[in-house]
């Protein structure tokens with residue numbers, strides 16, 4: 001008999017349907033009496049062992065048939081190996097005759113023999129429960145991010161377009177320009193020196209973002225404004241400080257710089273469909289470039305005397321003009337609807353947790369069919385599952401996970417794991433870690449065994465070239481792009497949604513608010529996530545307007561009407577008509 005090797009049943013009902021199809025295909029002229037007797041063998045003489053009530057009449061009612069099929073859908077296929085034993089117990093309980101036993105045992109046996117011929121019988125039915133737990137579920141389904149390429153925006157330009165990349169290529173950056181870019185990076189990050197720098201040193205990743213943005217702007221000048229490569233420099237982006245040699249404001253030159261910048265922003269909007277947020281990032285980088293170019297022209301106090309959040313370079317007109325442009329764009333940022341279709345990205349918090357549990361199941365060392373998986377595949381599954389679990393236990397910014405490092409931000413003390421941050425380790429560190437204080441988060445004990453196994457067994461497989469906790473498959477540090485890819489690919493495969501690390505915080509805040517969490521819980525969550533409750537409501541609360549007012553409407557509907565006071569009864573006035581009658 002041919003084997004059905006492409007379909008693996010998960011329940012007795014699925015196995016029966018496969019058998020039914022195969023039997024009918026091979027017995028076109030035969031009556032279906034065997035199938036009817038097989039169903040009776042199951043419904044009347046086997047399923048009662050699994051809790052199905054004994055049939056009351058000789059023929060099952062429609063209600064009894066429906067209950068029988070529903071039960072068979074729930075019974076896993078590996079229970080088939082016990083079917084004959086359970087059937088004997090039901091025969092004994094019903095005191096069936098020898099003839100009845102022989103008839104229905106024969107049909108059930110024939111069904112079991114057919115299943116035993118199938119390629120999946122050995123691993124789907126004969127393996128033990130303990131062995132089955134070591135196997136990961138099927139990881140391939142009809143959804144694939146790389147194959148489907150789901151779109152969450154209506155932007156016409158995408159990475160597949162030939163002019164998507166307009167930044168300068170490495171071979172286009174001449175030595176003089178590279179030297180200037182290196183100095184620009186050093187100016188932003190140096191802890192000492194740069195006496196006239198009036199703000200604190202930036203983290204290398206933030207400073208590098210400004211350098212990358214500058215390369216994009218220079219690429220635009222070269223490709224769309226016709227500036228030759230040999231003439232490119234940072235001063236082409238912000239050509240003037242806005243000061244005359246006498247130290248007065250030079251309006252004409254300020255206008256010249258701003259016209260070029262506004263031309264670039266217009267190009268971003270019209271040619272690339274950029275959002276106000278993209279414009280804002282470009283202007284922020286231009287401010288950084290202007291500080292680098294003209295910091296020595298400022299007569300304000302040096303950076304050593306500028307403390308807190310006081311703004312420096314206020315006497316450099318072009319910097320102040322760019323800051324005003326930032327404020328104008330920020331208004332549009334708050335007023336412009338999101339460009340992406342959030343319905344294609346959003347995951348409710350319980351669904352996100354379910355993704356984490358499923359990814360843990362996918363860490364098994366053997367595939368669904370019992371084959372040993374490659375060590376790198378297991379290690380990759382382990383890392384992704386651990387990332388999802390860590391986000392669910394501590395919904396912090398993705399930077400925390402990317403920069404997690406044992407002995408620096410991750411510590412094991414007395415068998416407990418802690419994340420410890422200084423002011424420079426997270427975005428709002430200056431506000432939450434004053435006077436040398438540290439942000440200390442004790443992690444859930446459920447993570448401990450995963451941490452140990454990851455560090456001792458799976459992480460070394462990638463041969464990491466760094467000390468960070470998480471790593472790329474090639475051994476490089478995990479970056480924003482890789483982390484985002486992990487999230488998108490897994491969330492889309494499991495749910496069909498393009499969920500991102502940035503949305504984790506939104507999901508938990510929205511879930512707790514929809515669940516009616518008390519203020520003390522929301523305040524604690526804001527503290528845990530290192531932001532204010534005002535920020536929690538303005539940025540991370542994704543409830544719709546109707547969801548926000550729903551509790552108030554429900555409360556109004558639940559209020560009982562009061563009792564009206566008794567009406568005031570006016571005393572009767574008796575009018576005498578005696579005198580009138582006499583008159």
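The values are calculated or read from the model by the stated rules, or taken from the named source; none is laboratory data. Predicted, not measured: the structure shown is a model, and the values here were computed from it. Neighbour counts run over all protein chains shown; Cβ positions are idealised from the backbone, glycine included.
With respect to residue 23, determine if the residue is assigned by TED's automatic domain parsing to the domain that holds residue 112 and in contact with a helix residue (DSSP H, G or I) (Cβ under 6 Å, 6 or more places away or on another chain).
No: the conditions fail for residue 23.
Against the conditions (1) surrounded by 19 or more Cβ atoms within 10 Å (Cβ to Cβ); (2) within 30 Å of residue 439 (Cα to Cα), residue 411 satisfies every one except (1). Does residue 323 satisfy the condition of being at pLDDT below 85 and closer than 20 Å to residue 187 by Cβ? Against the criterion (at pLDDT below 85 and closer than 20 Å to residue 187 by Cβ), residue 323 does not qualify.
A single member of 66, 59 is exposed (fewer than 12 other Cβ atoms within 10 Å of the Cβ), outside the structural domain of residue 369 (by TED's automatic domain parsing) and over 48 Å from the mean Cα position of the chain (by Cα), and it is 59. Taken over the range 203-232, residues that are closer than 22 Å to residue 313 by Cα and in a loop (DSSP other than H, G, I, E, B) amount to 1.
Across the range 433-452, the qualifying residues are those that are more than 25 Å from the chain's Cα centre (by Cα) and in a helix (DSSP H, G or I), and the one among them that is farthest from residue 361 (Cα to Cα) is 435. The residues on offer are 40, 46, and the sole one that is modelled with pLDDT of 90 or more, under 15 Å from residue 93 (Cβ atoms) and in contact with a helix residue (DSSP H, G or I) (Cβ under 7 Å, 6 or more places away or on another chain) is 46. Scanning the range 208-227 for residues that are touching a helix residue (DSSP H, G or I) at 6+ places or on another chain (Cβ under 7 Å) and free of Cβ contacts under 8 Å to residues at least 24 places away in the same chain, we see that the one that is nearest to residue 168 (Cα to Cα) is 221. Condition check: out of contact with any strand residue (DSSP E or B) (no Cβ under 7 Å at 6 or more places or on another chain) and assigned to a loop (DSSP other than H, G, I, E, B). Does residue 430 satisfy that? Spelling it out, it is not the case that residue 430 is out of contact with any strand residue (DSSP E or B) (no Cβ under 7 Å at 6 or more places or on another chain) and assigned to a loop (DSSP other than H, G, I, E, B). Filtering the range 398-425 to residues that are part of a strand (DSSP E or B) and in contact with a strand residue (DSSP E or B) (Cβ under 8 Å, 6 or more places away or on another chain) leaves 405, 406, 410, 411, 412, 416, 417, 418, 419, 420, 421. Where residues in the range 138-162 are in contact with a helix residue (DSSP H, G or I) (Cβ under 8 Å, 6 or more places away or on another chain) and surrounded by fewer than 11 Cβ atoms within 10 Å (Cβ to Cβ), which of them is modelled with the lowest pLDDT? By that ranking, first place goes to 141. The listed residues are 322, 353, and the only one of them that is surrounded by 14 or more Cβ atoms within 10 Å (Cβ to Cβ) and in the same structural domain as residue 395 (by TED's automatic domain parsing) turns out to be 353.
Give me a count of the residues in the range 248-272 that are assigned to a loop (DSSP other than H, G, I, E, B) and free of Cβ contacts under 8 Å to residues at least 24 places away in the same chain. Steps first, answer last, please.
Just the residues of the range 248-272 that are assigned to a loop (DSSP other than H, G, I, E, B), to begin with: 248, 250.
Keeping just the survivors that are free of Cβ contacts under 8 Å to residues at least 24 places away in the same chain gives 248.
Number satisfying all stated conditions: 1.
Checking every residue in the range 204-226 against the condition of being at pLDDT below 90 and under 22 Å from residue 322 (Cα atoms) gives at least one match. Pairs linking a residue in the range 36-63 that is at positive phi to a residue that is in a helix (DSSP H, G or I) and surrounded by 11 or more Cβ atoms within 10 Å (Cβ to Cβ), with Cβ atoms under 9 Å and 6 or more positions apart or on different chains, are 51/71.
Give the range 325-350 a look and list any residue that's part of a loop (DSSP other than H, G, I, E, B) and either surrounded by 13 or more Cβ atoms within 10 Å (Cβ to Cβ) or touching a strand residue (DSSP E or B) at 6+ places or on another chain (Cβ under 6 Å) (or both), or say none.
Taking the range 325-350 and keeping what is part of a loop (DSSP other than H, G, I, E, B), we get 336-341, 345-348.
Of everything in the range 325-350, those that are part of a loop (DSSP other than H, G, I, E, B) and either surrounded by 13 or more Cβ atoms within 10 Å (Cβ to Cβ) or touching a strand residue (DSSP E or B) at 6+ places or on another chain (Cβ under 6 Å) (or both) turn out to be 339, 340, 341, 345, 346, 347, 348.
Could you please let me know if residue 307 is part of a loop (DSSP other than H, G, I, E, B), buried (at least 17 other Cβ atoms within 10 Å of the Cβ), over 28 Å from the mean Cα position of the chain (by Cα) and at pLDDT below 90? Answer is no for this residue.
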